[in-house]
Amino acid sequence: MDKEPMEPINFSLAQIEAFACVCECGTLTQAAKKLKKDRTTVSQLIDYLEIDLGYVLFDRTKRPLELTDSGKRLYRQARLFLHEAQAFSQVAKQLPDQLKTQLTLCYDPFTPRDFLLSLASTLAQQHISLDLLMCEREQAERWLDEGKADIGIYQALNRSVNDHLKWRAVGAISLSVWARKGFFPVSPVSMLHLAASPQLVPFCTLQQSLAQRIQIADRIIRVNEITLLQKRLSAGDGWAFLPRHFGGEEWENIERQETEAGDKGLTHPVVALWKPGQIQPNQLEQVLNAIDMTWREEA
């Protein structure tokens, strides 16, 4: 059912504001000072409002001015109208900052999940919604370059990022050797035993610099899904070089393995990647600050 057209409004916000101000100040002179307008301007606004309405609002024989009965009734409505206008103005000014923005963040299997969840929650409070997509770094770099993703969280590589992307250090993750209890016959585990036993790797492909750091065994089994990796470790299908934040000590029948190199494991830096211009500069800084803060708190 079609709505009936609204009747045209024959008076302005300035007229209503002037009317309410004169009501509250009692004189045109005081109202003009409060509104920072000329007295003549305020007088004309009131005069034109009365002409448009077809009746007078003030008894001009009195000092200070007194409202007519019609003026008294209209003043209450004018004040309500101005209150709504002020509320409209506040919403209109704040709206650009409150519009919800949706960004896509890519990450690799080693990125801490608690960090990602906390980051998503932090940015949601800032009206930024995150799509979280796990993928290999090469895929993420293509998506960032093509505008299909906005930012990435990945292990740093011993090479420069392509000319189209920028990066910033985020933090570091610690990795250790994990395997089923009793998987290795002796402890500490020798490099020879590690090289001779199947190694489970949570990557489809490994950049050369990263492979040199975490790929030790001659036989590699790739499992690009954490739950399946956990089950294969528990089944004794191999050992894995994994971040300590995975909480492997809580996995059934799994334990951290001490090696000949010591139990300090390996620390690997993590970086944020983005393409300049893909995100507005102020929003990019907002996201990067949230990443830094959340990493310090969660990772």
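The values are calculated or read from the model by the stated rules, or taken from the named source; none is laboratory data. Fair warning: this is a prediction, and the values are worked out from it, not measured in the lab. Positions of Cβ are backbone-derived with ideal geometry, glycine not excepted, and every protein chain shown enters the neighbour counts. Side chains included, ligands, DNA and RNA excluded: accessible areas come from the protein's heavy atoms. Shrake-Rupley method; radii C 1.70, N 1.55, O 1.52, S 1.80 Å.
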All positions within the stretch 38-51 that are out of contact with any helix residue (DSSP H, G or I) (no Cβ under 8 Å at 6 or more places or on another chain) and within 17 Å of ALA78 (Cβ to Cβ):
ASP47, GLU50, ILE51
Which residue pairs have Cβ atoms under 7 Å apart, sit 6 or more places apart or on different chains, and have a first residue in the stretch 170-181 that is closer than 30 Å to GLU285 by Cβ and a second that is aromatic (Phe, Trp, Tyr) and at pLDDT below 90?
ILE173/PHE110
Within the stretch 149-163, take every residue that is touching a residue at least 40 places away in the same chain (Cβ under 8 Å) and loosely packed, with under 14 Cβ neighbours inside 10 Å and give me the one that is farthest from PRO243 (Cα to Cα).
ARG159
Does the stretch 2-11 contain at least one residue that is open to solvent by 50 Å² or more (accessible area, probe 1.4 Å) and either modelled with pLDDT of 90 or more or closer than 30 Å to LEU130 by Cα (or both)?
no
Please count how many residues of the stretch 192-214 are modelled with pLDDT under 90 and either surrounded by fewer than 20 Cβ atoms within 10 Å (Cβ to Cβ) or in a helix (DSSP H, G or I) (or both).
11
Select from the stretch 116-131 the residues that are more than 19 Å from ALA149 (Cβ to Cβ), open to solvent by 30 Å² or more (accessible area, probe 1.4 Å) and touching a residue at least 24 places away in the same chain (Cβ under 8 Å) and list them in ascending order.
GLN126, HIS127
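For (1) open to solvent by 60 Å² or more (accessible area, probe 1.4 Å); (2) farther than 30 Å from GLY171 by Cβ; (3) not aromatic (Phe, Trp, Tyr), each residue gets a yes or a no:
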position: ASP59; (1), (2), (3): no, yes, yes
position: LEU65; (1), (2), (3): no, yes, yes
position: LYS72; (1), (2), (3): yes, yes, yes
position: ALA78; (1), (2), (3): no, yes, yes
position: LYS93; (1), (2), (3): yes, yes, yes
position: THR104; (1), (2), (3): no, no, yes
position: PHE110; (1), (2), (3): no, no, no
position: GLU138; (1), (2), (3): yes, no, yes
In the stretch 265-280, which residues are within 19 Å of ALA156 (Cβ to Cβ) and either surrounded by 14 or more Cβ atoms within 10 Å (Cβ to Cβ) or at pLDDT below 85 (or both)?
GLY265, LEU266, THR267, HIS268, VAL270, VAL271, ALA272, LEU273, TRP274, LYS275
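Residue check: is ASP145 over 18 Å from HIS268 (Cβ atoms), acidic (Asp, Glu) and open to solvent by 30 Å² or more (accessible area, probe 1.4 Å)?
So ASP145 fits the description; yes.
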Which residues, counting only those in the stretch 242-290, are among the polar types (S, T, N, Q), part of a loop (DSSP other than H, G, I, E, B) and within 31 Å of the chain's Cα centre (by Cα)?
GLN278, GLN280
List every residue pair whose Cβ atoms sit under 9 Å apart, with the two residues 6 or more apart in sequence or on different chains, where the first one lies in the stretch 60-76 and is among the hydroxyl-bearing types (Ser, Thr, Tyr) and the second, anywhere, is part of a strand (DSSP E or B) and open to solvent by less than 100 Å² (accessible area, probe 1.4 Å).
THR68/PHE58; THR68/ASP59; TYR75/LEU67
Counting just the residues of the stretch 215-228 that are among the aliphatic types (A, V, I, L, M) and over 23 Å from TRP295 (Cβ atoms), which one comes out most open to solvent (accessible area, probe 1.4 Å)?
LEU228
GLU298 fails exactly one of (1) open to solvent by 40 Å² or more (accessible area, probe 1.4 Å); (2) touching a Pro at 6+ places or on another chain (Cβ under 8 Å); (3) farther than 24 Å from THR104 by Cβ, namely (3)
Looking at this structure, is GLN283 within 23 Å of ARG142 (Cα to Cα), open to solvent by 20 Å² or more (accessible area, probe 1.4 Å) and not hydrophobic (A, V, I, L, M, F, W, C)?
yes
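Report those strands (runs of 3 or more DSSP E) wholly inside the stretch 114-182 carrying at least 3 residues which are basic (Lys, Arg). Spell out how you get there, then give the answer.
On the way: elements: 128-134, 151-155, 166-180.
Output list reads 166-180.
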